[in-house]
1. Pop the C-beta distance of HIS479 and ARG448 into the FRET formula with R0 = 60 Å and round what comes out to the nearest 0.05.
2. How would you rank 456-468, 379-391, highest first, on the average number of other Cβ atoms within 10 Å across their residues?
3. Quick one: grab the alpha carbon gyration tensor of the stretch 162-238, order the square roots of its eigenvalues as a ≥ b ≥ c, and give me rounded if a/c is under 1.5, else prolate or oblate depending on whether a/b is larger than b/c.
4. Work out from phi, with θ = phi - 60° and the Karplus expression 6.51 cos²θ - 1.76 cosθ + 1.60, the ³J(HN,Hα) of each residue of the stretch 563-573, listed in order in whole Hz, and give x for Gly and Pro.
5. Determine which lysines satisfy two conditions relative to LYS571: a Cα distance under 18 Å, and not lying fewer than 8 residues away in the same chain.
6. Work out from phi, with θ = phi - 60° and the Karplus expression 6.51 cos²θ - 1.76 cosθ + 1.60, the ³J(HN,Hα) of each residue of the stretch 218-230, listed in order in whole Hz, and give x for Gly and Pro.
7. When the chain is fully extended, how far beyond the present Cα-Cα distance does ASN254 get from LYS674, taking 0.36 nm per residue of separation?
8. Mind checking the full-extension length gain between ARG532 and GLN72? Use 0.36 nm per residue of separation minus the Cα-Cα distance, one decimal, nm.
Amino acid sequence: MIKEEKMELQDFTERFINQTNASIFLTGKAGTGKTTLLKKIIHSTHKKTAVVAPTGIAALNAGGVTIHSFFQLPFGTFLPVSSYPHSGHAQRLHDQAALRKHSRMRGDKKKIIQALELLIVDEVSMLRPDVLDAMDFVLRAVRGMQKPFGGVQILFIGDLLQLPPVVKQEELPHLQQFYGGNFFFHAQVLQQSKPIYIELEKIFRQQDPTFVDILNSLRDNELKPAQIEVLNAHVQPNFDSTKSEGYIILTTHNNKADQINQNRLKAVKGKSHSYFPEITGDFPINIYPLQETLELKVGAQVMFIKNDWSPEKLYYNGKIGKVVNLSSEEIIVLFPEENKTVAVEKYEWENVKYTYNDQTGEVEEEVIGTFVQYPLRLAWAITVHKSQGLTFEKAVLDLHNVFAAGQAYVALSRLTSLNGLVLLHPIRLNGLKNEEDVVRYAANKIERHKLESTYETNRDKYLLDLIIQCFDWESFIRHVVKLEIAHNQSPTGSEMKKNIDWFINISRALKELVPHAHNFRQQMLKLFNNQRWELAYVHERVSAAYSYFNQRLEPIYRDIIRQILLLSQKKGTSQYCEELNAIEEDFVELLVRLKRTNVIIAQIVLSGEINKTHVDTDSFKNYRVVKWALVKQSLMKEIPNIPIEYTDFVTSKKSKKSNIPKKERKNTYEETLKLIEAGKDPKAIAEDRKLSIQTVYNHLSKLITQEKISIGQVMSQERYNEIKISLLNFQGETLTEMKECLGQDFTWEEIKLYRAHQLL
């Protein structure tokens, strides 16, 4: 048994995701690191994963897509019945029949959902029960499985005491017929299969035990009079934040926050500078992470809206500073209390879509649009809604118009301590009650000491499910039999008829293996039902089965490839080649699944760990390419004119090209680094990546400071020496001052590279 007493709950949750198929609700108080864990799981999981969220902005922040776009759901209310008398477009009410008609999936979208193993749903507090039931309906229909969510593992992430679902008044009567409330856990699918409730408890944002106790009491609707007194000791109705550095006003309405920010900006003397985003590809306005125009002045109070992921960690999401220098190419922000300045770099947001890779059988992310802008916004005021996920050291709370459950908690929990709190109005008990349903649902939380046995039970179930699915070949054999019948019924003299004996031999060889696969499944079922079985023995049996079947299946697979290549040399065989290629696709999926299952079980049994690095290897990614190349190489000895490039068959369905290149989800700096190492110059990189030349040079500057490239890779020694000599007596610090000293002989880009090198 693996001992977990000392394992952090975050690490245990990651193991739960990677080594079980159980659906999980991951929650935690504000500041417990849910977002950090989400990113870690996305980066490390070996499972075929997609990330969705209820809104466009939430999806963008999570690195995924909206629920409605991923599942092709119509907007409106979903009713979990086969037919509903008032269903129709005018009422925007959709029953199962309407949803089935609306969300007919083809091609890549269908393959993605069929291949999916893990679906991450972020910001689940905003997810309505009818939408979750609609997701369940689509997953079951497309995957052809009547298990909850069609057998896909779901990771729900969010804090139910933050942003609630939005239900319009006219929708309530219809929803109340089927649901006992408006939260995701009221969905009918979760009444059948409740997710494991894991709550992160270690708070990283607040360290003061008094403040933590107040926040916990507020969450649980148990705020005590003495605690209210502690809060109300911070009431300052006439507090003027303009006379104190670093305070941000949290208010309940957008128009009030916008008015405060605009009035304060107008009051700042000096020239106004406007910064516009670089937008490439498909990036709809409704998911812009910032207003399209960022207007600033020297002296403006600003807030970072992203973390600094560099080793320096100069700022975090919500950190407030003051603009001290502006130019067309540079923004300098001062943190007064630390007496530190930072040259702000632009951030690249990515709009993604999911695609299915026929070659590897993997679900992949494709970047279809980018939004590049300085990650700043005016920060004299912000709404409680937009403050979610941010951290403030000082804040003025204007909560007398609280209009939604949890708003007071969200606002207070943004602060790191009570020392930075100012209340414009006293806190009162009325209006601070959280949803009783949410508080009651929290009783489902599994105690830490019970998680070990829950994990082991679900891990064993996951291993058995892997084995059963891996050795279930019924669908594959049905496809083979169907093509065998087509051979028999083909016209005399056709290429298919000429190959009938060959294909019957292929079909016979596969049919002979099916009973052995079936027997192995039965052996495993019997073994797992025996309470005394051991993991090591499971590994031994699966490893032996993999060797046995792989040795027999691979020669058949290579024979199919050979036949496709031979047929490709003849005229009028394209349709036949396509049908054989469909069998080849099924075949490679079966072989890769065998290989993958063997690796996963070996890793879990032998090391207790499994992550992306174990299955994201060349042997998996290039499996199909290698097999085709081997067969082709062998054939070229017989037929020299077999084409060296064979992409027509490996990718039978050519995907439509987007208006920016398809790329894997990598760090944007790493992509630029890869192209520099490939010998491309900055201009070529900008063209390849559809970025401005300024953004590419920002990347290069960052890579120099990280010592991942040298200045010599992007600037000649002669040019570097010219700048160095020109700046011998330079006493300034900013890029703007450097530019003024150097004049027009040197570009902003060259100056950025030079300064980056000087910072080493």
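All of the numbers you see were taken from the coordinates with simple rules; none came from a lab. None of these values were measured; they are calculated from a predicted model. When we count neighbours, we look across all protein chains shown, and the Cβ atoms used for this are built from the backbone with ideal geometry, even at glycine.
1. On the way: r = 47 Å, r/R0 = 0.79.
The formula returns an efficiency of 0.80 here.
2. Numbers: 456-468: 17.7, 379-391: 21.1.
In descending order of packing, they fall as 379-391, 456-468.
3. Values: a/c = 3.31, a/b = 1.76, b/c = 1.88.
The shape class here is oblate.
4. The phi angles translate into 5, 4, 5, 5, 5, 5, 7, 10, 7, x, 10 Hz.
5. Cross-link targets: LYS497, LYS498.
6. Rounded to whole hertz, the list is 5, 4, 8, 6, 10, 5, 8, x, 5, 6, 5, 4, 4.
7. On the way: separation 420, 0.36 × 420 = 151.20 nm, distance 4.25 nm.
That pair, ASN254 and LYS674, stretches by 147.0 nm at full extension.
8. Numbers: separation 460, 0.36 × 460 = 165.60 nm, distance 4.62 nm.
161.0 nm is the gain from fully extending ARG532 to GLN72.
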